[in-house]
Amino acid sequence: MTKNKKISIAAMAVAINLIGGLIAFALRLPIYMDSLGTILVAFVFGPFWAAGVGAMSSIVNGILFDYFSFFFLPAQVLLGILAGSVKGVQSGRVWKKGVSTFAVSIPVSIVSAIIAAKVFGTITSSGSSYIVQLLRVAGMSDISAVFIVQFLTDYADKLFAVLFASEIIRRLNKR
(Lines give C-alpha, C1' and ligand atoms only; values in the text may rest on other atoms or scores of the structure.)
Protein backbone atom coordinates (compact mmCIF):
# COMPACT_ATOMS: atom_id res chain seq x y z
CA MET A 1 0.00 0.00 0.00
CA THR A 2 1.33 3.43 -0.86
CA LYS A 3 2.18 5.99 1.78
CA ASN A 4 -0.55 8.32 0.45
CA LYS A 5 -3.18 5.61 0.96
CA LYS A 6 -1.93 4.98 4.49
CA ILE A 7 -2.07 8.69 5.30
CA SER A 8 -5.62 8.89 3.90
CA ILE A 9 -6.75 5.90 5.97
CA ALA A 10 -5.05 7.35 9.06
CA ALA A 11 -6.89 10.64 8.50
CA MET A 12 -10.19 8.77 8.26
CA ALA A 13 -9.30 6.95 11.48
CA VAL A 14 -8.78 10.31 13.21
CA ALA A 15 -12.22 11.36 11.96
CA ILE A 16 -13.72 8.11 13.30
CA ASN A 17 -12.15 8.81 16.70
CA LEU A 18 -13.51 12.36 16.69
CA ILE A 19 -17.03 11.32 15.76
CA GLY A 20 -17.07 8.54 18.37
CA GLY A 21 -15.70 10.89 21.01
CA LEU A 22 -18.29 13.54 20.15
CA ILE A 23 -21.12 11.04 20.48
CA ALA A 24 -19.85 9.89 23.89
CA PHE A 25 -19.24 13.50 24.99
CA ALA A 26 -22.68 14.72 23.88
CA LEU A 27 -24.48 11.81 25.52
CA ARG A 28 -22.19 11.85 28.62
CA LEU A 29 -21.58 8.13 28.19
CA PRO A 30 -19.31 6.43 30.70
CA ILE A 31 -17.20 5.12 27.80
CA TYR A 32 -15.17 7.30 25.48
CA MET A 33 -15.63 5.88 21.98
CA ASP A 34 -12.56 7.83 20.83
CA SER A 35 -10.25 4.95 20.03
CA LEU A 36 -11.95 2.87 17.35
CA GLY A 37 -9.88 4.51 14.60
CA THR A 38 -6.67 4.08 16.58
CA ILE A 39 -7.32 0.37 17.13
CA LEU A 40 -8.38 -0.16 13.53
CA VAL A 41 -5.13 1.41 12.28
CA ALA A 42 -3.16 -0.57 14.90
CA PHE A 43 -4.57 -3.81 13.51
CA VAL A 44 -3.94 -2.85 9.88
CA PHE A 45 -0.71 -0.81 9.94
CA GLY A 46 0.84 -1.47 13.35
CA PRO A 47 1.94 0.56 16.37
CA PHE A 48 3.71 3.49 14.70
CA TRP A 49 0.72 4.52 12.61
CA ALA A 50 -1.71 3.86 15.46
CA ALA A 51 0.31 6.03 17.86
CA GLY A 52 0.20 8.82 15.27
CA VAL A 53 -3.57 8.45 14.87
CA GLY A 54 -4.02 8.54 18.65
CA ALA A 55 -1.85 11.64 18.99
CA MET A 56 -3.56 13.48 16.12
CA SER A 57 -6.97 12.56 17.49
CA SER A 58 -6.11 14.08 20.87
CA ILE A 59 -4.71 17.23 19.28
CA VAL A 60 -7.59 17.84 16.86
CA ASN A 61 -10.22 16.95 19.48
CA GLY A 62 -8.50 19.27 21.97
CA ILE A 63 -8.48 22.15 19.50
CA LEU A 64 -12.01 21.72 18.18
CA PHE A 65 -14.20 20.13 20.84
CA ASP A 66 -12.79 19.02 24.17
CA TYR A 67 -9.87 20.78 25.84
CA PHE A 68 -9.34 17.81 28.19
CA SER A 69 -8.35 15.65 25.23
CA PHE A 70 -4.95 17.37 24.92
CA PHE A 71 -3.88 16.01 28.26
CA PHE A 72 -4.80 12.43 27.43
CA LEU A 73 -2.49 12.36 24.40
CA PRO A 74 0.03 10.08 26.21
CA ALA A 75 -2.73 7.54 26.86
CA GLN A 76 -3.79 7.59 23.20
CA VAL A 77 -0.20 7.11 22.01
CA LEU A 78 0.33 4.26 24.48
CA LEU A 79 -2.92 2.66 23.30
CA GLY A 80 -1.74 2.82 19.69
CA ILE A 81 1.60 1.25 20.54
CA LEU A 82 0.10 -1.54 22.66
CA ALA A 83 -2.81 -2.28 20.32
CA GLY A 84 -0.38 -2.40 17.39
CA SER A 85 1.74 -4.92 19.24
CA VAL A 86 -1.22 -7.32 19.57
CA LYS A 87 -2.60 -6.67 16.11
CA GLY A 88 -2.92 -10.36 15.22
CA VAL A 89 -5.66 -10.70 17.81
CA GLN A 90 -8.34 -9.32 15.48
CA SER A 91 -8.59 -12.66 13.70
CA GLY A 92 -8.66 -14.70 16.93
CA ARG A 93 -11.47 -15.91 19.13
CA VAL A 94 -13.51 -13.54 21.27
CA TRP A 95 -11.89 -14.70 24.53
CA LYS A 96 -8.43 -13.91 23.08
CA LYS A 97 -9.66 -10.46 22.16
CA GLY A 98 -10.94 -10.04 25.71
CA VAL A 99 -7.64 -11.12 27.26
CA SER A 100 -5.56 -8.94 24.92
CA THR A 101 -7.84 -5.98 25.57
CA PHE A 102 -7.41 -6.56 29.31
CA ALA A 103 -3.63 -6.53 28.94
CA VAL A 104 -3.70 -3.33 26.88
CA SER A 105 -6.25 -1.63 29.14
CA ILE A 106 -4.19 -1.89 32.34
CA PRO A 107 -1.26 0.38 31.35
CA VAL A 108 -3.53 2.75 29.43
CA SER A 109 -5.81 2.98 32.48
CA ILE A 110 -2.89 3.71 34.79
CA VAL A 111 -1.72 6.58 32.58
CA SER A 112 -5.27 7.92 32.17
CA ALA A 113 -6.03 7.63 35.89
CA ILE A 114 -2.89 9.55 36.84
CA ILE A 115 -3.77 12.29 34.37
CA ALA A 116 -7.39 12.48 35.54
CA ALA A 117 -6.49 12.49 39.24
CA LYS A 118 -3.40 14.69 39.24
CA VAL A 119 -4.14 17.15 36.43
CA PHE A 120 -7.91 17.48 36.79
CA GLY A 121 -8.60 16.49 40.40
CA THR A 122 -10.79 13.59 39.17
CA ILE A 123 -13.31 15.67 37.19
CA THR A 124 -13.03 15.54 33.40
CA SER A 125 -15.47 15.99 30.55
CA SER A 126 -16.27 12.28 30.50
CA GLY A 127 -19.50 10.80 31.81
CA SER A 128 -17.37 8.45 33.92
CA SER A 129 -16.55 11.41 36.19
CA TYR A 130 -19.99 10.96 37.75
CA ILE A 131 -19.09 7.44 38.83
CA VAL A 132 -15.73 8.63 40.20
CA GLN A 133 -17.49 11.22 42.33
CA LEU A 134 -19.85 8.59 43.74
CA LEU A 135 -16.88 6.43 44.76
CA ARG A 136 -15.12 9.42 46.33
CA VAL A 137 -18.23 10.25 48.36
CA ALA A 138 -18.30 6.62 49.46
CA GLY A 139 -14.82 7.14 50.94
CA MET A 140 -12.37 6.02 48.27
CA SER A 141 -9.19 7.97 47.65
CA ASP A 142 -8.99 10.03 44.46
CA ILE A 143 -6.48 7.81 42.71
CA SER A 144 -8.28 4.57 43.70
CA ALA A 145 -11.67 5.86 42.55
CA VAL A 146 -10.27 7.15 39.28
CA PHE A 147 -8.28 3.98 38.56
CA ILE A 148 -11.21 1.63 39.23
CA VAL A 149 -13.57 3.64 37.05
CA GLN A 150 -10.90 4.29 34.43
CA PHE A 151 -10.04 0.61 34.17
CA LEU A 152 -13.66 -0.54 33.92
CA THR A 153 -14.60 2.12 31.39
CA ASP A 154 -11.35 1.74 29.43
CA TYR A 155 -11.80 -2.02 29.26
CA ALA A 156 -15.41 -1.72 28.07
CA ASP A 157 -14.47 1.02 25.62
CA LYS A 158 -11.46 -0.79 24.19
CA LEU A 159 -13.23 -4.16 24.03
CA PHE A 160 -16.04 -2.53 22.03
CA ALA A 161 -13.43 -0.94 19.73
CA VAL A 162 -11.50 -4.21 19.31
CA LEU A 163 -14.64 -6.20 18.49
CA PHE A 164 -15.90 -3.52 16.10
CA ALA A 165 -12.52 -3.08 14.37
CA SER A 166 -12.16 -6.86 14.06
CA GLU A 167 -15.57 -7.08 12.42
CA ILE A 168 -14.73 -4.25 9.99
CA ILE A 169 -11.49 -6.00 9.01
CA ARG A 170 -13.26 -9.36 8.68
CA ARG A 171 -15.88 -7.89 6.36
CA LEU A 172 -13.32 -5.99 4.29
CA ASN A 173 -11.23 -9.16 3.89
CA LYS A 174 -14.28 -10.97 2.48
CA ARG A 175 -14.34 -8.47 -0.36
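General remarks:
- Residues (closer than 14 Å to Gly52 by Cβ and modelled with pLDDT under 90) located in the stretch 11-38: none
- Residue tally, condition touching a helix residue (DSSP H, G or I) at 6+ places or on another chain (Cβ under 6 Å) and open to solvent by less than 50 Å² (accessible area, probe 1.4 Å), over the stretch 87-106: 7
- Every pair of residues 6+ apart whose Cβ atoms lie under 7 Å, when the first sits in the stretch 51-70 and is within 15 Å of Met12 (Cα to Cα) while the second is not acidic (Asp, Glu) and not in a helix (DSSP H, G or I): Ser58/Phe72
Yes or no, residue by residue, for (1) crowded, with 22+ Cβ neighbours inside 10 Å; (2) among the small types (Gly, Ala, Ser); (3) at pLDDT 85 or above; (4) within 30 Å of Lys174 (Cα to Cα):
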residue	(1), (2), (3), (4)
Ser69	yes, yes, yes, no
Ala75	yes, yes, yes, no
Val108	yes, no, yes, no
Phe120	no, no, no, no
Leu134	no, no, no, no
Ser144	no, yes, no, no
Ala161	yes, yes, yes, yes
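- Breaking point among (1) closer than 21 Å to Ser112 by Cα; (2) surrounded by fewer than 21 Cβ atoms within 10 Å (Cβ to Cβ), for Gly80: (2)
- Selection of first residues in the stretch 3-29 that are over 18 Å from Ala161 (Cβ atoms) and of second residues that are part of a helix (DSSP H, G or I), restricted to Cβ pairs under 7 Å at least 6 apart or on distinct chains, gives the following pairs, ordered by first then second residue: Lys6/Phe45; Lys6/Trp49.
- Pairs with Cβ under 6 Å, 6+ apart, first in the stretch 101-117 and under 18 Å from Tyr67 (Cβ atoms), second of a type in the set (A, V, I, L, M) and open to solvent by less than 40 Å² (accessible area, probe 1.4 Å): Ser112/Ala75; Ala116/Val146; Ala117/Val146
- Exactly one residue out of Val44, Val60, Val14, Val53 is touching a Lys or Arg at 6+ places or on another chain (Cβ under 9 Å) and of a type in the set (A, V, I, L, M), and it is Val44.
The values are calculated or read from the model by the stated rules, or taken from the named source; none is laboratory data. For clarity, every value in this text was computed on a predicted model and none was experimentally measured. Ideal geometry is used to build each Cβ from the backbone, glycine not excepted, and the neighbour counts take in all protein chains shown. Note: accessible area is taken over every heavy atom of the protein model, side chains too, but ligands, DNA and RNA are not part of it. Shrake-Rupley method; radii C 1.70, N 1.55, O 1.52, S 1.80 Å.
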